[in-house]
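Below: one structure, written as structure tokens.
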Amino acid sequence: MRNSLFHLPDELILATLSQTFPCREAQIRALATLLYPGAAPCRNLVIHGTEATGKSAITAALLARLADRTEDEGFILSHAIVNSAECITARHLYETVVSKVANALSWDGAPSRCETVSQLTVELVKLLKYTPRPAGFHFVLVFDGIDRQRDAPHTLVPALARLSEIISSLTTVFIVTSPPPRFLLTSSVPHLHFPTYTKTDFVSIVSASPPPALPNTSPQETADLWTRFTAAVHDALARAASRTLPSFHHACTALWPRFTAPVHAGTHSPREFSKLLIAARVHFQNERLLDPGVLTSTATATGSGAGTALATLLPTTPRLLLLASYLASHNATKHDITLFSTHYHGRRRRRGGGPSVGGRPRSKHRKIARKLLGSHAFVLERMLAIFAAVRGEWEAGNTRDHGDNKEEGHADIGMAIATLASLRLLVRVGGGATGDLMDCGGKWRVNVGWEVIRGLGRGIGVEVEDWLIE
């Protein structure tokens, strides 16, 4: 029996929970004080914190331990936990509450239907208040994730907070992520915050369960290496991809075999942490191991691989039109005669610029390459003229390899332009963006970058750099 008005539960319970959930001793003791019938039980309690901070797990574990030990101390504590993620409507939530409370109290009767908060109140009063209970009886009703309840009226949470005013032996606990101001529309409601784990907390929690010992090493050396390894993983990936404890533990588990591969091979010892870190730095800089599906598909859609894939998917005529559009976007109009006229066509210019026009001396200031400044708008008629020159160059360079391939002589250029426009590889600009696609006065802009164009040109034997003037 209790000998004083206020005393905490058995210290063994709190010590066991502190070992099970490290770095949460303060929250465990505060929660035990506010829920234990012999301490300072409150009517309503709001537990809030970000995802994966131990709110639900600690609450469930503490209530289970208190329910097993309170009978020896003169109290009877029962509890029910309702997960709002499992309830698809408000009515589903009401009936789940009644069902779980009845199961916790071993109620023989069948639970009634509840469609409103008023019916829920009637059923809970019948179960907890009007039914005779022994002295020292207390019930804790936990709503986990009530802020994410679907199809919930705006008065749901304030109405649930009023239940403890009607039923004196009831404590209602709300577990939320971030409670808004005046969350329960009542005053003097204690709030218990579960802060995010710090680097020291992450390392101490994960280091408590080290992996099996490495070959030719002792368990202590493996544990020391594991501790330093977890700190390095936190510095490299915690802010970007491992912000929660489960994701951080997953990152450590995924990187550990690759980090210790030199130890298994016998090239490094566990004490050479710096050399192991340098050997595995490529894994710490790449998040592909943490989410292989998303990052692999993203990586294959960028860079030079995109040019190869584009060259494989597009027919020959759209490829040449895309090359001509790039040349029209990145070459000045004044250089078209120099590059594409019959007089200059037989002579390849050097990479880095063509002959000077007008005999003027070159500027001493180095200019930025036009391919690095982005694409410019061009007229469709100019692009088609460039397309004729590029097509002639391609046919001249490939008749030796492909023989009698005359596919391009009868290609539908209009259909190819429409295909590029539908794929957003060519974008029409200006006021006439909704007019005829084959309007020679319409302005367009190429929507692909240099890496893609270079791979596209080399795939069909065209060196695009030879057709650019810096």
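The values are calculated or read from the model by the stated rules, or taken from the named source; none is laboratory data. This structure is a prediction, so every number in the text was calculated from the model and none was measured. Cβ: placed from backbone, ideal geometry, glycine included. Neighbour counts: every protein chain shown. For the accessible areas, the whole protein counts, side chains as well, though only heavy atoms, and no ligand, DNA or RNA atoms are used. Shrake-Rupley method; radii C 1.70, N 1.55, O 1.52, S 1.80 Å.
Normalised by the number of residues in the stretch 11-193, the average gap of Cα pairs under 8 Å and 6 or more apart makes the relative contact order 32 percent. Filter the GluC sites (Glu not before Pro) in the stretch 45-147 down to the DSSP loop ones having no more than 16 other Cβ atoms within 10 Å, then list what survives. Passing sites in the stretch 45-147 are Glu51, Glu115.
Does the stretch 28-145 classify as rounded, prolate or oblate by the C-alpha gyration tensor (a ≥ b ≥ c root eigenvalues; a/c under 1.5 gives rounded; else a/b over b/c gives prolate, otherwise oblate)? Oblate shape, in that a/c is at least 1.5 and b/c is the bigger or equal ratio. For the pair Thr177 and Ile337 in one chain, pulling the backbone fully straight at 0.36 nm per residue adds 50.9 nm over the alpha carbon distance.
Couplings 3J(HN,Hα) of the stretch 457-463, computed from phi: x, 5, x, 10, x, 10, 8 Hz, in residue order, whole Hz [Karplus 6.51 cos²θ - 1.76 cosθ + 1.60, θ = phi - 60°; x for Gly and Pro]. Counting only protein heavy atoms and a 1.4 Å probe, the stretch 89-172 has 49 square angstrom of accessible area per residue.
Structure note, pairs Lys55/Lys129; Lys100/Lys126; Lys199/Lys275: Cα-Cα distances above 20 angstrom occur for Lys55/Lys129; Lys199/Lys275.
Taking 0.36 nm per residue of separation and subtracting the Cα-Cα distance, full extension of the segment from Val427 to Ala261 would add 54.8 nm. Label the stretch 199-295 by shape, choosing from rounded, prolate and oblate, from the square roots a ≥ b ≥ c of the eigenvalues of the Cα gyration tensor; if a/c is under 1.5 it is rounded, and otherwise prolate applies when a/b is larger than b/c, oblate when it is not. Because a/c hits 1.5 or more and a/b fails to exceed b/c, the stretch 199-295 counts as oblate. In this rough spin-label picture, where each label sits 7 Å from Cα along the Cβ direction, the Glu115-Met415 distance is 6.2 nm. Along the stretch 10-18 the Karplus relation, 6.51 cos²θ - 1.76 cosθ + 1.60 evaluated at θ = phi - 60°, assigns HN-Hα couplings of 3, 5, 5, 5, 5, 5, 5, 5, 5 Hz to successive residues, with x for each Gly and Pro. In this structure the amide hydrogen of Asn44, modeled in the peptide plane, comes within under 5 Å of the amide hydrogens of Thr172, none closer than 5 places in sequence on its chain. Multiplying the residue separation of Asp68 and Glu451 by 0.36 nm and removing their Cα-Cα distance gives an extension gain of 131.1 nm.
In order along the stretch 186-200, phi translates into HN-Hα couplings of 8, 9, 6, 9, x, 10, 10, 9, 9, x, 5, 6, 8, 4, 4 Hz, rounded to whole numbers, per the Karplus curve 6.51 cos²θ - 1.76 cosθ + 1.60 with θ = phi - 60° and x for Gly and Pro. Between Arg458 and Asn83, the simple spin-label model (points 7 angstrom out along Cα→Cβ) gives 5.3 nm.
In this simple spin-label approximation, Glu165 and Thr186 carry label points 7 Å from Cα along the Cα→Cβ vector, and these lie 0.6 nm apart. Given a 1.4 Å probe and every protein chain left where it sits, what share in percent of the accessible area of the stretch 11-193 is carbon and sulfur? Carbon-and-sulfur percentage of accessible area, whole number: 52.
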